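So the structure is just underneath, and the comments pick up after that.
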Amino acid sequence: MFKKILVANRGEIAVRIIRACREMGIKTVAVYSEADEHSLHAALADEKVCLPGFKPADTYLNIPLIIRAAKEKGARAIHPGYGYLAENEVFARSCAEAGIVFIGPEPDSIRLAGNKLQAKEKAIQAGVPVIPGSGRGLTSLEEAAALAGETGYPVMIKASAGGGGRGMRVCFDEEELREEFPVAKAEAGSAFGDPTLYLEKFLPNPRHIEIQILGDRGGKIVHLGERECSVQRRYQKLIEESPSPALDDALRKKMGEAAVTVARSIGYFNAGTVEFMLDEENNFYFMEINARLQVEHPVTEMVTGIDIVREQIRLSLGERVDYDYTSLAPRGWAIECRINAEDPDRFFLPSPGVIETYRPPGGFGVRLDTHVYQGYQIPPYYDSLLAKLVAHGPDRKTAISIMLRALDEFTIAPVKTTIPLHRRILSDESFAGGMFDTGFVKKFLPEEVED
């Protein structure tokens with residue numbers, strides 16, 4: 001067992017990891033920026049190290065500083081959480097070179113999963129369906145236009161090294177493609193250090209379904225069922241749930257097996273997620289592998305009873321996966337709302353500031369993962385996520401009722417949050433009926449011009 005783990009992250013996920021470690025009898029080291037001096041994760045950890053500065057590049061993305069902190073504090077392992085260095089191959093290798101265990105996939109798997117084109121090629125070789133498009137990076141606008149003509153519009157441009165919606169553009173004709181291609185290329189180069197783009201056929205009205213996987217060092221890989229992630233804005237998820245109202249047992253089995261097949265093709269280890277698009281005829285297509293813990297992992301935990309963070313630590317110690325999805329006998333339905341410090345009625349304008357009033361929800365079936373408290377100063381330098389509110393019930397209707405009650409109780413003021421938007425979505429008849437896709441949320445928002 002690890003005696004001490006350094007948590008290379010901040011916010012709610014750092015708190016989540018620290019709590020799991022404490023339950024396992026493992027001491028923790030928190031790293032924090034100057035802006036996070038009074039953060040909850042720094043207060044809860046057994047030890048803490050300040051990373052001088054405010055910006056992520058100087059602090060939470062500073063590999064040498066984080067490795068040095070782990071060494072100085074005697075931490076044998078580092079948990080990266082999600083975001084920041086969680087999918088950074090260089091960081092994973094740096095940990096190994098320093099004799100520190102990186103709690104996550106192997107560097108080679110991170111590299112393969114992070115390159116969307118390579119991951120797509122692995123899926124094709126494994127016999128898993130992929131969205132029609134380019135099988136390699138596009139070298140020029142003319143090559144993209146020629147391929148789009150063969151594939152047929154609309155098409156989607158994607159960054160090979162990308163994620164989170166950056167470098168992605170939907171083009172409905174050649175004129176749009178010629179306008180968007182150079183913009184997407186510049187954005188991909190700026191965001192990921194790699195301007196390589198590829199092209200796929202754009203699927204109208206798809207659903208976004210992801211499968212949670214776990215793999216041990218003995219080569220066994222299992223899935224923990226699906227998460228429905230279609231309620232999103234500009235490719236950023238707002239609400240997730242498990243199971244998905246779109247899947248029956250037969251489709252769930254097929255998608256779970258496909259996810260395991262893709263993961264096995266790259267020798268995947270530890271926790272990860274295989275993402276799919278599901279079209280209107282229930283045909284599914286591989287999109288990508290996220291080689292890390294996901295923001296929305298709590299909904300899977302609630303229905304399976306598996307503590308995924310604890311499993312990550314266990315697997316990193318060489319322990320085995322001794323269960324599968326069927327043996328877990330998943331129970332009930334879980335829904336997660338991401339509570340962000342943003343104003344959804346003003347195009348999601350960030351809302352930093354001091355939380356003067358804070359009343360968290362509670363009661364049967366409610367879980368709240370957060371790092372905020374009354375008097376907390378929301379810094380302007382980082383992601384706007386304040387909390388993940390999760391409702392769990394015996395069925396979807398009950399889970400929605402619990403969530404609506406919890407949202408009504410949840411008070412964070414005077415900063416603006418996405419709580420009112422979640423209330424509107426959860427109260428919608430189409431959402432209640434499970435009839436939605438990735439474009440669903442637009443009807444709840446003011447019209448905005450896509451940049």
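Side notes on the structure shown:
- Among residues of the range 171-199, those that are within 21 Å of Arg111 (Cα to Cα) and not small (Gly, Ala, Ser), counted: 9
- Options Ile157, Ile124; residue that is farther than 23 Å from Cys229 by Cα and out of contact with any His (no Cβ under 7 Å at 6 or more places or on another chain): Ile124
- In the range 162-178, the residues that are more than 22 Å from Ser230 (Cα to Cα) and in contact (Cβ under 8 Å) with a residue 24 or more places away in the chain: Glu174, Leu177, Arg178
- Scan of the range 169-184 for residues that are under 19 Å from Glu288 (Cβ atoms), assigned to a helix (DSSP H, G or I) and of a type in the set (Lys, Arg), ordered by number: none
- Meets criteria (in a loop (DSSP other than H, G, I, E, B), within 21 Å of the chain's Cα centre (by Cα) and not assigned by TED's automatic domain parsing to the domain that holds Arg234) for Arg166: yes
- Residues that are among the β-branched types (Val, Ile, Thr) and under 16 Å from Glu409 (Cβ atoms) within the range 339-392 comprise Ile339, Ile355, Thr357, Val366, Thr370, Val372, Val390, listed in sequence order.
- Close Cβ contacts (under 6 Å, 6 or more residues apart or on different chains) running from residues in the range 36-59 that are among the aromatic types (Phe, Trp, Tyr) to residues that are surrounded by fewer than 21 Cβ atoms within 10 Å (Cβ to Cβ) comprise Phe54/Glu34; Phe54/Ala35; Phe54/Tyr381.
- Segments classed as helices (runs of 4 or more DSSP H), wholly inside the range 274-334, with at least 2 members that are within 20 Å of the chain's Cα centre (by Cα) and either at negative phi or of a type in the set (Phe, Trp, Tyr) (or both): 297-304, 308-316
- Of the residues making up the range 143-158, one or more are of a type in the set (Val, Ile, Thr), outside any loop (DSSP other than H, G, I, E, B), farther than 28 Å from Gly267 by Cβ and in contact with a Ser or Thr (Cβ under 9 Å, 6 or more places away or on another chain).
- Residue match in the range 245-255 (condition: crowded, with 24+ Cβ neighbours inside 10 Å, assigned by TED's automatic domain parsing to the domain that holds Gly439, under 26 Å from Pro204 (Cβ atoms) and out of contact with any Asp or Glu (no Cβ under 7 Å at 6 or more places or on another chain)): no
The values are calculated or read from the model by the stated rules, or taken from the named source; none is laboratory data. Because the structure is a prediction, the values reported are computed rather than measured. In this analysis, Cβ positions are derived from the backbone assuming ideal geometry, glycine residues included, and neighbour counts consider all displayed protein chains.
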